[in-house]
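A quick write-up on the structure given underneath.
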């Protein structure tokens, strides 16, 4: 399977997918139960997923429809979108497919869709630079930002 996005894309936007992992843990009786998230984890989830609702609105997809397409319950999808439960990376990719977007595009407001592509291109360029060239590129970017 061809990788359609780069992990560097996510790091370049200061997003962390540490919050996207197994959503359940074993309980005392061996049954699966939801992991209780810390307030920091909930905030990180909300930050990472903050534009998904905008994409849903753009594509005219309700939580109910998204839940149906994912073969999940509507309350489970609601918990994801509110940051209360972690989402796996494969689930995130599936949500992107349903919303007709690339996963990295969901990290941006749909009105700024081209920004996702620009960050991806920048990440790919950065990967191919030697360390000295990378430092020079960063310095040039900082200098340009100071002029604005």
Just checking, which of 91, 117 is surrounded by 12 or more Cβ atoms within 10 Å (Cβ to Cβ) and either farther than 25 Å from residue 46 by Cβ or over 13 Å from the mean Cα position of the chain (by Cα) (or both)? 117
Among (1) assigned to a loop (DSSP other than H, G, I, E, B); (2) closer than 30 Å to residue 123 by Cβ; (3) modelled with pLDDT of 90 or more, where does residue 72 come up short? (2)
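Being closer than 22 Å to residue 116 by Cα, surrounded by 12 or more Cβ atoms within 10 Å (Cβ to Cβ) and modelled with pLDDT of 50 or more: is that true of residue 48 here? Let's see the steps before the verdict.
On the way: closer than 22 Å to residue 116 by Cα: yes; surrounded by 12 or more Cβ atoms within 10 Å (Cβ to Cβ): yes; modelled with pLDDT of 50 or more: yes.
Yes.
The values are calculated or read from the model by the stated rules, or taken from the named source; none is laboratory data. Please read all numbers here as calculations on a predicted model, not as lab measurements. For neighbour counting, all protein chains shown are included, and Cβ atoms are generated from backbone atoms with ideal geometry for every residue, glycine included.
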